[in-house]
Amino acid sequence: MYPFLRLAKTIFQSNKKPAISYTQQDEIEFRCHPWDIDMFMEMNNGRILTLYDLGRTALSVKCGLMRTLKQNRWGLVVAGSSVRYRKRVRMFDKITMKTQCVATDDKWFYLEQSMWVKGHPCSSVLIRAGVTSKNGVVPPEQVIDAAGEKPMTSDIPMWVQEWIDSEQHRPWPPTAYQSADDSQVQVSEQ
């Protein structure tokens, strides 16, 4: 189940915090609850991705993006992600989540997020996110201007650019894969 109560708490707490720029790193804290763990008594990898939504929400509230979305009837979408899991998160661990927009291009925002327990990094995700309207994806430059912010002046970090480039080689829509008997299986585009 989606963590609606945590989401409401995140929005409430974020509204009480000082405003920050979308380029600044934001932090939120929460605990790993019993319903976050899997049969191995650690936070489920799918739940980790769901909880990363909370960090993006907190940053969006604090930098004024949520207000801009509401004013323009825009929405948010995740268009890709790359995750690293390195350390287990156990039940009742206190987690510090860090979120920051590290780059933009002509279509997307790129956010780096990480979860930390007792000062040690546990996981990290690079997210490709966008703002959508009834006409499709809204260019980041337009979103940034509507929010009264300044565009990023730094270049896209090399590790982000390499991920962007590697994604260009991945076929879409998925066309085929090799089965156990090495015969090709076709996937329809429906």
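Taking the simple approach of a point 7 Å from Cα along Cα-to-Cβ for both Phe40 and Leu76, what is their distance in nm?
My value for the distance between the label points is 2.9 nm.
Going by amide H atoms built from the backbone, whose H comes under 5 Å of the H on Thr23, apart from near neighbours?
none
Would you kindly derive the ³J(HN,Hα) couplings of the stretch 119-130 from the backbone phi angles with the Karplus curve 6.51 cos²θ - 1.76 cosθ + 1.60 (θ = phi - 60°), listing them in order in whole Hz, with x for Gly and Pro?
Each residue's phi maps through the Karplus curve to give x, 10, x, 10, 7, 8, 9, 9, 10, 9, 10, x Hz.
For the stretch 1-95, run through the chymotrypsin sites (Phe, Trp or Tyr not before Pro) and keep only the ones in DSSP coil with at most 15 other Cβ atoms within 10 Å of their Cβ.
Answer by residue number: Phe40, Phe92.
So for the chain, averaging the separation of alpha carbon pairs under 8 Å that are six or more residues apart and normalising by length, what relative contact order in percent results?
19
Would you please give the residues with an amide H less than 5 Å from that of Cys122, counting only those at least 5 places away or on a separate chain, with H modeled from the backbone geometry?
Answer set, sorted by chain and number: Met115, Trp116, Val117.
When only C-alpha pairs under 8 Å and at least 6 residues apart count, what is the relative contact order of the stretch 1-73, in percent?
Relative contact order for the stretch 1-73 comes out at 47 percent.
Assuming a strict under-13 Å limit between Cα atoms, what lysine pair count do you get for the stretch 4-186 once near-sequence pairs (fewer than 8 apart, same chain) are dropped?
Summing the qualifying lysine pairs gives 5.
Which option, (1) 0.97; (2) 1.04; (3) 1.00, is the value of Rg/Rh (Cα atoms, Kirkwood Rh) that was calculated from these coordinates?
Recomputing Rg/Rh (Cα atoms, Kirkwood Rh) here picks out (3).
If you place +1 on the Cβ of every Lys and Arg, -1 on the Cβ of every Asp and Glu, and leave all else neutral, what size is the dipole of the chain about its Cα centre, to the nearest 20 Debye?
1100
Set Lys and Arg Cβ to +1 and Asp and Glu Cβ to -1, take the dipole of the stretch 1-80 about its Cα centre, and tell me which of Pro18, Thr68, Leu51 lies farthest positive.
Of the options given, the answer is Thr68.
Lys/Arg Cβ at +1, Asp/Glu Cβ at -1, dipole of the chain taken about the Cα centre: which of Ile28, Val89, Ser133 is farthest positive-ward?
Checking the options against the dipole of the chain, the answer is Ile28.
How large is ³J(HN,Hα) for each residue in the stretch 9-14, as worked out from phi by the Karplus curve 6.51 cos²θ - 1.76 cosθ + 1.60 (θ = phi - 60°), to whole Hz, x for Gly and Pro?
For the stretch 9-14, the Karplus curve yields 5, 4, 5, 4, 5, 5 Hz.
The numbers here are math on the coordinates, done by the rules we state, and not lab data. Given the structure is predicted, the values throughout are model-derived calculations rather than measurements. Neighbour counts are summed over all protein chains in view; Cβ atoms, including those assigned to glycine, are modelled from backbone coordinates with ideal geometry.
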